[in-house]
Amino acid sequence: MHEAMTDLVKVMSTLVDSQGNILIEGFHEDVAAVTDKEMETYAKMDFDMEDYKKEVGILGVSDKLLHEDKAKTLMARWRYPTCTLHGIEGAFDGKGSKTVIPRKVVGKFSTRIVPNMHPDKVEACVRAHIDKEWAKLKSPNKMSLSLDKASFPWFRDPNSDNYAAARRATVRVHGIEPDLTREGGSIPITLVFEEATQSDCVLFPIGASDDMAHSQNEKIDRGNYINGMKTLASYIDEISAIEEAPIKSVERKGTDVSVYAQWRKKCKKEQMQMGCDCLECIPVDQF
C-alpha cells in the first residue's frame, strides 16, 4: 500500500534543502534588495562567529554554520526569509524499534517572512508548490494543506526620533552605543500598538543574549533588571526633551490599517485561527 509517511517526507523535503535554501517557486520575489548602507551595519556589529557556534550548540558537534561569513550569517538570521521543518504528528517517536506504520500523519513547517512580503501571497506560493509536488507522486492517499496562523512582518526605520531617544538612553545607562539588530521572533502585538497609537514602535531589550527567553531555564540577571528600569526612565526623559513631535507617524504606504488587524486577531470560535472573517468576528459596522 502507499504509506502516508513516505508521501509526507517526500513532499516536505521539497520545501527547503540542507543548506537552508528555500525551494518554493516565487517565495523570494518581494524580498527587498540589500543596500550598501545596510551592508556597512553588519561590518560594525559586535558578533563573534565562534561564540555564536557555542550559543546555538554546534561547537564540538558539527562545528559548521550554514555560512562562514559574519555578514551572511547575520543576514540569514535577520533579514532573509526562512523555512523550517519542525514536526511530524501521528508517527511513533518513542525509544526502541517499534515498527508501527501510521495511517495518518501531519507534517508541520513554518516560514518567516520579511518586509515587503504579504502572508496571502506567501501562502499562495506554498500551496501551489505543494500541490505540484503532490501531483508528481501520483499517490492515491489524500492530502490537505491548512494555514495555522500568520501575521505581517514588522520593521521600522531606526533613524527616527524614537530610536534616537532609545539609543541615547542606552548610552546613558550602559555607556556604550547599541547595535541596531533585527530578530526572527514573532511579536504581533507590536502592530497592535502601532494601530492604536498611529505611531512607530521601538523595541530595545533589557536582557542578555543567553537569557533563553521562553525556555524552561529562562532567566534575567539582577543587574540587567535594574538597568532596564533605569533605561526606561532615561528613554522617557529623552523623549520628553525632543522639541518637535517625539514619535514620527508610521508610513503605511497605502495599506489599510484594517488589513493588519485582520492578520493579528483570533477567531472567537476557533482560537487557533488567525485572520478570521466569520460572522461572529466581523464588527457590526462592517456589514
Segment 67-80 - phi-based ³J(HN,Hα) in whole Hz, Karplus 6.51/-1.76/1.60, Gly and Pro as x: 10, 8, 9, 4, 4, 5, 5, 5, 5, 5, 6, 10, 10, 10
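Taking the Cβ of each residue in T170, T190, T35 as the centre, tally the other Cβ atoms inside 10 Å and list the residues starting with the fewest. Spell out each step's value before the answer.
On the way: T170 21, T190 18, T35 9.
In increasing order of surrounding Cβ atoms, one gets T35, T190, T170.
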R127/K10 FRET efficiency (R0 25 Å; Cβ-Cβ; nearest 0.05): 0.90
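Listing T111, T197 from the residue with the fewest other Cβ atoms within 10 Å to the one with the most, what is the order?
Working: T111 20, T197 12.
So the residues, fewest neighbours to most, are T197, T111.
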Extension gain from R172 to E38, taking 0.36 nm per residue of separation minus the Cα-Cα distance: 45.7 nm
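What ranking do H174, H129, H86 get, fewest neighbouring Cβ atoms within 10 angstrom at the top?
Working: H174 13, H129 19, H86 8.
The order, fewest Cβ neighbours first, is H86, H174, H129.
Between A241 and K142, 0.36 nm times their residue separation minus their Cα-Cα distance comes to what? Intermediate results must be reported in sequence, preceding the final value.
Details: separation 99, 0.36 × 99 = 35.64 nm, distance 6.29 nm.
Result for the pair: 29.4 nm of gain on full extension.
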For G107, residues with placed amide H under 5 Å, excluding near neighbours: E89
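Every number in this text was worked out from the coordinates using simple rules, so none of it is lab data. Since we're looking at a predicted model, the values are computed, not measured. Heads up, the Cβs are rebuilt from the backbone with ideal geometry, glycines too, and the neighbour counts pull from every protein chain shown.
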